[in-house]
């Protein structure tokens, strides 16, 4: 007798944890605990709304409901519960259709459709089809928005999708959803060719021929995951880290490849990661995985280059090498990746990728030991690293990366003359070393020689277009010097190369705030805090709200900062103090600054920490003139040379001196310093307009002229930025 299938009409529910792969890579135990909590929450909520969990799909949950109303009630409740925590975010998709229940599992097109709907959502959203909407009562409590028609991958017909808009749910933008849909599309001929290849040898050969002539048409983007040791050995594990870094470095030479920085992937340790989720987080189309096995004097390196969307190996290879031959592997891998992605390397790119680190395995061994010591980030380990880098150079005097490492280490020890001297020696050997130009740029930056730093970083990027460290550092110099449009474009490029770093998102938001583009500023700043909380990010959010007259929202930022248990207390208290000062709560700001100084008295001797200035103002307002005078005198002395000239032309130093001279009742010097600050790049007029220190100068014609000049600069920068944005859109 034929088996009678259990068919029914149901609401299919599909949820997925956003960024779960990254969580697993950073802390597998904690990620697993969150997944268990998610399952418990689903079980409790579904029990109330007659939902039935069918199965867990990795970090996703498949379920069915009897009615559309119950499915939406459960979805909203689950999103609200996770909305109370910053640890986990979900996407939820719903569809209505016929399903088959069999042996505890569920089948049918509705399952695939619900999964596809969920996949194009955003964190904390609930998406559902018009079929679900049609099954809702006429007068339900749900609010929603029609997102239009979509053609989803492996779904036969177009679907009209809706997003639930009840607070606190997020609503995706149609343009972003369409972009996701396009990234998921497959060319249908691949499916038929692949199917036919399993039927006959002849068609398999045809398929192979087609593949060999295949042209890569997707985004040329790569994440090189940390290489793993098959048989880990503490003394040899440094090589697995270095080969990962060097492949990334080699790929950064190629202008047409977006390669994710080492800083964004270094903590990913789980070899069994879900690559789909990882690629979505890092926004890449391909992933390179590798492993290392030590076989006596030989080293075996296995690599696997994967098209994530197709779940297909683009290239696999093994290299068994020793000695000098081992040092050529990175170049060979980078060249092969370029070939697979259909990139014709320029002569310059070919030459740069073809460089071998060193001709000496012994020098390389000392270089690896030096890098390992450097990565401990303390003065004692830096001194040991210096000796190891020197030994590498002694063995191979042409080892330019060892010169770069030595110069970097000297800079960390504040031995700036030695750092520059080593960089110059290295550049005489290889005038196209991006690493040496980046290192020289860092040293000039530490010395306050911003023009020289800028030139060095620009040369480094001209040699290595996707060199994330140099890009971020150059963006910082541009921002300090007032080139905000250039700084913003570089920071946004840095955010694509460092998608798990909060810094480029924070600084992009900061720049947008200065340029009065508040909506964009808030988006970027909130993204920064979602990656990693930092008091300065919340400080910028507070300033944004103060500029819009929302003091209550600014106060919420203070509460967030004071709840921070990660950063040092002097940092936390200082940041809260600045927000209170700009909010007009000067005595509250004084209390915070005094707490910060108790935690770290050296704050008062740091020329780049401005805490003494609002503290002096608050003391003057309270009649404590002796304390205020002492603070003002010390603050000026650490920002000026012996001849009463500024310590540097850094606009922050000049702006602080302007404030201090106002408090010192020296108007001419104050106006002169403020004028210099703007000339050298100061653009944040909020800190002038809302600054009570300048209240007595509001009617001064020169003061008004300076504010007008900043306003004109803002207009010019916004025009420059919009032109750049239009050019990028046209290019894309």
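Values computed for the structure shown
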read-out: Principal-axis tilt of helix 667-679 within the chain, Cα atoms, nearest 10 degrees; value: 30
read-out: Antiparallel DSSP beta bridges within the chain, percent to nearest 5; value: 85
read-out: Quotient of C-alpha Rg and 2.2 N^0.38 Å, computed over segment 349-411; value: 1.12
read-out: Gyration tensor (alpha-carbon) shape descriptor, segment 117-177, a/c threshold 1.5; value: oblate
read-out: Distant alpha-carbon pairs in segment 15-113 (separation over 16 angstrom), percent; value: 57
read-out: Segment 221-356: relative contact order as a whole-number percent, Cα under 8 Å and 6+ apart; value: 26
read-out: Compactness of the chain as Cα Rg over 2.2 N^0.38 Å, two decimals; value: 1.09
read-out: Proxy reagent accessibility, fewest Cβ within 10 Å first, across 45, 386; value: 45, 386
read-out: Degrees separating the helix 361-374 axis from the principal Cα axis of the chain, which is the longest one; value: 70
read-out: Whole-number D in µm²/s for segment 469-549 (Stokes-Einstein; Kirkwood sum over Cα pairs; 20 °C, 1.002 mPa s); value: 175
read-out: Spread of Cα-to-Cα distances over 5 Å intervals beginning at zero, given as percent, for segment 371-494; value: 2, 13, 20, 22, 19, 14, 7, 3, 1, 0
read-out: Segment 458-508 - convex hull of the alpha-carbon atoms, volume per residue in Å³; value: 60
read-out: Per residue convex hull volume, Cα atoms of segment 515-580, in Å³; value: 75
read-out: Alpha-carbon gyration tensor eigenvalues x 5, square-rooted, for segment 571-661, Å; value: 21, 14, 12
read-out: Percent of Cα pairs exceeding the 16 Å cut-off, where the set is segment 317-366; value: 46
read-out: Cα-Cα P(r), segment 546-606, percent of pairs per 5 Å interval; value: 4, 20, 28, 24, 14, 7, 2
read-out: DSSP beta bridges in segment 221-356 [antiparallel fraction, %, rounded to 5]; value: 75
read-out: 21 Å tail of the calculated P(r), segment 621-726, as % of Cα pairs; value: 40
read-out: Cα-derived Rg over Rh, computed across segment 6-185 with Rh taken as Kirkwood radius; value: 0.94
read-out: Relative contact order of the chain, defined on C-alpha pairs under 8 angstrom at six or more residues apart (%); value: 7
read-out: Additional length obtainable on full extension of the chain from residue 30 to residue 523, 0.36 nm per residue less Cα span; value: 174.7 nm
read-out: Order of 443, 228 under a 10 Å beta carbon neighbour criterion, fewest first; value: 228, 443
read-out: Residue-averaged [θ]222 nm for the chain, counting only DSSP H segments that reach four residues, each worth -39500 (n - 2.57); value: -18000 deg cm²/dmol
read-out: Separation between Cα centres of segment 380-456 and segment 657-715, rounded to whole Å; value: 39
read-out: Projected-area average for segment 237-296 over all orientations - Cα convex hull basis, square nanometres; value: 4.9
read-out: Calculated on alpha-carbon atoms, Rg and Dmax of segment 221-356 in Å; value: 14.3, 39
read-out: Largest to smallest principal axis extent of the C-alpha atoms in segment 433-485, angstrom; value: 27, 24, 13
read-out: Tilt relative to the chain, helix 518-531 - C-alpha long axis, 0 to 90 degrees, to 10; value: 70
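Bear in mind that the values in this text are calculations on the coordinates, not laboratory data. As the structure is a computational prediction, the values presented were derived from the model and not from experiment. So basically every Cβ, Gly included, is an ideal-geometry build from the backbone, and we count neighbours across all protein chains shown.
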